[in-house]
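Remarks on the structure that follows.
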Protein chains: 2
Amino acid sequence: MPLSPGYNMSQHVVNGDSSCGKVLTLDNMNPNVKRVEYAVRGPIVLRAMQLEKELKEGAKKPFNEVIRANIGDAQAMGQKPITFFRQVMALCSYPELLEDDKFPDDAKQRARRILKACGGSSIGAYSASQGIECIRQDVSRYIEKRDGFASNPDNIYLSTGASDAIVTILKLLVAGEGSNRTGVLISIPQYPLYSATLADLGAVQVNYYLNEDSCWSLDIPELKRAVTEARQHCNPRVLCIINPGNPTGQVQSKECIKNVIRFAKEERLFLMADEVYQDNVYRDNEFHSFKKVLFEMGSEFSSTVELASFHSTSKCYMGECGFRGGYVEVINLDPGVKAQLTKLVSVRLCAPVPGQALLDLVVNPPQPDEPSHATFMKERTTVLANLAEKAKLTEEIFNTVPGIKCNPVQGAMYTFPQIKLPQKCHSTEAGQEPDMYYCMRLLEEEGICLVPGSGFGQRKGTFHFRMTILPPTEKLKIVLKKISDFHVRFTKEFSE
Amino acid sequence: MPLSPGYNMSQHVVNGDSSCGKVLTLDNMNPNVKRVEYAVRGPIVLRAMQLEKELKEGAKKPFNEVIRANIGDAQAMGQKPITFFRQVMALCSYPELLEDDKFPDDAKQRARRILKACGGSSIGAYSASQGIECIRQDVSRYIEKRDGFASNPDNIYLSTGASDAIVTILKLLVAGEGSNRTGVLISIPQYPLYSATLADLGAVQVNYYLNEDSCWSLDIPELKRAVTEARQHCNPRVLCIINPGNPTGQVQSKECIKNVIRFAKEERLFLMADEVYQDNVYRDNEFHSFKKVLFEMGSEFSSTVELASFHSTSKCYMGECGFRGGYVEVINLDPGVKAQLTKLVSVRLCAPVPGQALLDLVVNPPQPDEPSHATFMKERTTVLANLAEKAKLTEEIFNTVPGIKCNPVQGAMYTFPQIKLPQKCHSTEAGQEPDMYYCMRLLEEEGICLVPGSGFGQRKGTFHFRMTILPPTEKLKIVLKKISDFHVRFTKEFSE
């Protein structure tokens, strides 16, 4: 960790005039924070916000609106919230409505149950730090129903979105100095929360590459290579998996998950399974949770392999990102470490209670004998069917464009196509990655906001972008057409 | 940082059998996390939860309920939410209610405005990472009205409660190694979020003691002593102030704040002002924000001293802890550092949108010409008047008890009386702090849950506890009586 001159200055100029400089500067601030990168909300998004402001103020652009296909934010793209969920949230917010005939009985029953579990029967009270107990019980029942194996509510921690829980578990795992520093294996391409958090914690990022040629598969020999090389310079202890994949949209087979679990056991790696897209599975693919597969493998594995599995209210069919609800289930965590985890989450008091309440509805939705069931199922099915259709459409259209190659979107809500960029453009702008330049041009010319592949990591010499499949179908068709035309135009410009 | 044997084991047993031990153990986990302590939710609270469970299951105890006076959680203690706030939250959650005649027009107008500022007009969408723009503008207007000085919405960052923003700003400031490591001055007694965060970040905690004999005043010579001694072993760069004080309940005079600002400028310290109790000011005391005093001191100070000021939806008259709303205003932050701050908060995507919405109502409540104004004012005034009455009551009753000495509760929602404990009890239980033993006995015998002074820090040889003044008046009287009787009994037991 290099020390910049700023440190010495601020240490010695004890009684100096502060006009000579700030106490806190780029030179003397936390160097780990400087290393953090988060492309999903990076310079392209800042520019998109500017463009939106300019359009609002009447500026003339080649487009009338900026389409934000950079972030998995379903409701911002026009997806309607699930009626039942929002009814219960209104009831919890303003319990006077419990007397209102307009609300169905099952919504009222859920609200009453949640309120009863809150301090002072109010979602304005803090909850227990680990989360409201009856909600943790509901999460456990949901997991048991999903997997067919027991789940202990004591192993559930409610969180501020999945991100919060992921950061907390990583924080427990980071220790050691120098070549003994914790190494964390993450997929490339990855969701940049991981690289950002590892930079922030000063952990060692260990890359394993997904195999783009076989639909972003996770291959054990590549994991082996990564962990073996990492052992030369750090202490790899953690293996992070995102399934269904973000940004890559693959869904892992049960066989693949088994192999990963076996590998983790052999190599003594703590498994972190980011499964926030567990309902976003299209075509004939099926989601298998790591927990389920682990327990199917028998007690040799299920009683030893340490696993943390994450879920969220932000994705799937509900897309309730703003509520920041989520949970982690920990399996085989050392009891002493678990006590430390409980202590650590208590410092931030508790996850937002509205988000906890919403999570309760996700894991305990209307049942077939309840009045809201039919509407709930219809809304849920419509969203997921639309996403499946858009996943197919995206792949089909992109694969008709020369120079764009797109794997099937088996799950999640993104496509991560490879784009062939002309050699000339590889060095066009000073210091700018070619895919960043490409995306910035696309934004300026068509008003479409994507994230360059370099923000997620990609094999050297290959270029990609991430696009969400969330815009409404008719708008998505226009977006796909515009990107396709832009790609042809851009390629031509640099090939001349 | 001592390395434990665990490190080496996990590094060398590469292909070993995992049954020989966990990947993650107390020995090899993040040592900073182990150093974290957070007494407000510590062993006493865990025992209180157990006792509640036992009571529920029919166990016989010397009490019928556990009274949680350990945490500033107003609604859990029976305080009712502000009607207007919850009406708007219900409307935002389920916008179909905007057609309902039951809701007043100003509540609907607020909800429409908030929804319009949300992606897809939904609080289920992510917001901008810094927070919803129109809410940041409202926060600025609130600050301008409070202080009489300009506030720039670009300097406002919305957060997940104040805790989140405090941790984020501290994180920016922590750098350097060894004797160059960032030192952070915090008051003793302190709110343990600070010590916990400093442990987590591996920063150096630098204690300055509040003067209990003059109503927990903040004296400059003591600050000078603390910073001078700290310079021998670290790089003190930050001065944290809690005003009104937690756990100590003092309200600082304008003169004191001026002196602190002058001191910070001379000593080149970044100021962090935790002002979450800004409406909780009783008797003839007046709250002065650090921002206002800084700007009253003229441009020599207002254009140089770096300040971060924090506020929250959790305290004051609203007590909406569960929503986790808050903000920080940064003043004179280096533009490069500010860009890093914006980047850093983007990794967690955004603060919970319901909490942002609630914060908007706090900073922009019903105005005199609006239909909800009268009710709002009545609710607000009642809460604050009750708190003022309970603050007085608490001081008066405790000061009648021999061996309890209690400063006036000028502000916030806690009392932190000094308790004289007999010499015999100083070494009664193996390794347990005497005040921890005292509080644990009180819990077991009377069902009252307090936090021992050792959880906040106190001068060696003195003992305290923190108690909230939040129980309803009649219950508070019983609590005060029970504690008084217990104190006499306990003292007698150990004096014999």
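The values are calculated or read from the model by the stated rules, or taken from the named source; none is laboratory data. What you see is a predicted model; the values in this text were computed from it and never measured. Ideal geometry is used to build each Cβ from the backbone, glycine not excepted, and the neighbour counts take in all protein chains shown.
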(request) Could you run through the stretch B:43-63 and say how many residues are out of contact with any helix residue (DSSP H, G or I) (no Cβ under 7 Å at 6 or more places or on another chain) and part of a loop (DSSP other than H, G, I, E, B)? (result) 4
(request) Looking for whichever is out of contact with any Phe, Trp or Tyr (no Cβ under 7 Å at 6 or more places or on another chain) and over 27 Å from A:Y191 (Cβ atoms) here; the options are B:E296, B:E275. Which one fits? (result) B:E296
(message) If the requirement is being closer than 30 Å to B:A175 by Cα and facing chain B (nearest Cβ under 9 Å), which of these qualifies: A:K102, A:K80, A:K22?
(response) A:K22
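Among the residues of the stretch B:231-248 satisfying the criterion of being part of a loop (DSSP other than H, G, I, E, B) and out of contact with any Pro (no Cβ under 8 Å at 6 or more places or on another chain), which is nearest to the other protein chains (Cβ to nearest Cβ)? Before the answer, list the steps.
Of all residues in the stretch B:231-248, those part of a loop (DSSP other than H, G, I, E, B) come to B:231-234, B:243-248.
Restricting the remaining residues to those that are out of contact with any Pro (no Cβ under 8 Å at 6 or more places or on another chain) gives B:231-234, B:243-246.
On the way: B:R231: 7, B:Q232: 12, B:H233: 12, B:C234: 9, B:N243: 20, B:P244: 19, B:G245: 19, B:N246: 13 Å.
Selected residue: B:R231.
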(message) Just the residues that are within 20 Å of A:H233 (Cα to Cα), more than 9 Å from every other protein chain (Cβ to nearest Cβ) and outside any strand (DSSP E or B), please, taken from the stretch A:188-216.
(response) A:Y194, A:S195, A:L198, A:A199, A:G202, A:A203
(request) Look at A:R112 and say whether it is touching a helix residue (DSSP H, G or I) at 6+ places or on another chain (Cβ under 9 Å), without any contact (Cβ under 8 Å) to a residue 40 or more places away in the chain and within 8 Å of chain B (Cβ to nearest Cβ). (result) no
(request) Considering (1) assigned to a loop (DSSP other than H, G, I, E, B); (2) under 24 Å from the mean Cα position of the chain (by Cα); (3) of a type outside the set (A, V, I, L, M), say which one B:H311 fails and leave the rest. (result) (1)
(request) Working only within the stretch B:207-230, note down all residues that are buried (at least 17 other Cβ atoms within 10 Å of the Cβ) and farther than 21 Å from B:G461 by Cβ. (result) B:L218, B:L223, B:V227, B:A230
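This table checks each residue for (1) more than 9 Å from chain B (Cβ to nearest Cβ); (2) modelled with pLDDT of 90 or more; (3) out of contact with any Leu (no Cβ under 9 Å at 6 or more places or on another chain); (4) more than 30 Å from B:P236 (Cα to Cα).
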position: A:M1; (1), (2), (3), (4): no, no, yes, no
position: A:M29; (1), (2), (3), (4): no, yes, no, no
position: A:A48; (1), (2), (3), (4): yes, yes, no, yes
position: A:A59; (1), (2), (3), (4): yes, yes, no, yes
position: A:F63; (1), (2), (3), (4): yes, yes, no, yes
position: A:F85; (1), (2), (3), (4): no, yes, no, yes
position: A:C92; (1), (2), (3), (4): no, yes, no, yes
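Output the residue which, of all residues in the stretch B:217-230 that are farther than 19 Å from B:L170 by Cβ and touching a helix residue (DSSP H, G or I) at 6+ places or on another chain (Cβ under 8 Å), is farthest from the other protein chains (Cβ to nearest Cβ). Break it down into steps so the answer makes sense when it comes.
The initial filter retains those residues of the stretch B:217-230 that are farther than 19 Å from B:L170 by Cβ, namely B:217-222, B:224-225, B:228-229.
Subsequent filtering for residues that are touching a helix residue (DSSP H, G or I) at 6+ places or on another chain (Cβ under 8 Å) retains B:217-218, B:220, B:224.
Values: B:S217: 24, B:L218: 20, B:I220: 14, B:K224: 11 Å.
Only one residue fits best here, namely B:S217.
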(request) Give the stretch A:455-496 a look and list any residue that's in a helix (DSSP H, G or I), buried (at least 20 other Cβ atoms within 10 Å of the Cβ) and not β-branched (V, I, T), or say none. (result) A:G455, A:L476, A:L480, A:H487, A:F490
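Does any residue of the stretch A:307-317 turn out to be facing another protein chain (nearest Cβ under 9 Å) and buried (at least 19 other Cβ atoms within 10 Å of the Cβ)? Before the answer, list the steps.
Quick first cut of the stretch A:307-317, residues facing another protein chain (nearest Cβ under 9 Å) only: A:313-314.
The next check asks that each one be buried (at least 19 other Cβ atoms within 10 Å of the Cβ); those that pass are A:313-314.
There is at least one residue in the stretch A:307-317 that is facing another protein chain (nearest Cβ under 9 Å) and buried (at least 19 other Cβ atoms within 10 Å of the Cβ).
Considering B:I419, B:I469, which residue is aliphatic (A, V, I, L, M), under 23 Å from B:L193 (Cα atoms) and in contact with a Gly (Cβ under 9 Å, 6 or more places away or on another chain)?
Working: B:I419 fails: under 23 Å from B:L193 (Cα atoms).
So the residue among B:I419, B:I469 that is aliphatic (A, V, I, L, M), under 23 Å from B:L193 (Cα atoms) and in contact with a Gly (Cβ under 9 Å, 6 or more places away or on another chain) is B:I469.
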(request) Would you point out the residue of the stretch B:334-358, among those that are at the interface with chain A (Cβ under 7 Å from one of its Cβ atoms) and closer than 30 Å to B:E300 by Cβ, that is surrounded by the fewest Cβ atoms within 10 Å (Cβ to Cβ)? (result) B:G336
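Looking at A:F376, A:F398, which is the one that is of a type in the set (F, W, Y) and under 24 Å from A:Q250 (Cβ atoms)? Give the steps one after another, and end with the answer.
Details: A:F376 fails: under 24 Å from A:Q250 (Cβ atoms).
Result of the check over A:F376, A:F398: A:F398.
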(message) Please determine whether any residue of the stretch B:359-373 is touching a residue at least 60 places away in the same chain (Cβ under 8 Å) and in a strand (DSSP E or B).
(response) no
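Each row is one residue, and each column tells you yes or no for (1) more than 20 Å from A:V276 (Cβ to Cβ); (2) in a helix (DSSP H, G or I); (3) of a type in the set (A, V, I, L, M, F, W, C).
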| position | (1), (2), (3) |
| --- | --- |
| A:L98 | yes, yes, yes |
| A:Q109 | yes, yes, no |
| A:A125 | yes, no, yes |
| A:I143 | no, yes, yes |
| A:A150 | yes, no, yes |
| A:A162 | no, yes, yes |
| A:A175 | yes, no, yes |
| A:I186 | no, no, yes |
(request) Would you please name the residue that is nearest to B:A264 (Cα to Cα), looking only at residues in the stretch B:282-335 that are of a type in the set (A, V, I, L, M) and in contact with a Ser or Thr (Cβ under 9 Å, 6 or more places away or on another chain)? (result) B:V305
(request) Go over the candidates B:K315, B:K343 one by one and state the one that is under 30 Å from B:K80 (Cα atoms), at pLDDT below 95 and not β-branched (V, I, T). (result) B:K315
(request) Output the residues belonging to the stretch A:469-496 that are over 18 Å from A:M440 (Cβ atoms) and touching a Leu at 6+ places or on another chain (Cβ under 9 Å). (result) A:I469, A:L470, A:T473, A:L476, A:K477, A:L480
(request) Please specify each residue of the stretch A:391-422 satisfying the condition of being farther than 27 Å from A:F494 by Cα and within 20 Å of the chain's Cα centre (by Cα). (result) A:A391, A:P408, A:V409, A:Q410, A:G411, A:A412, A:M413, A:Y414
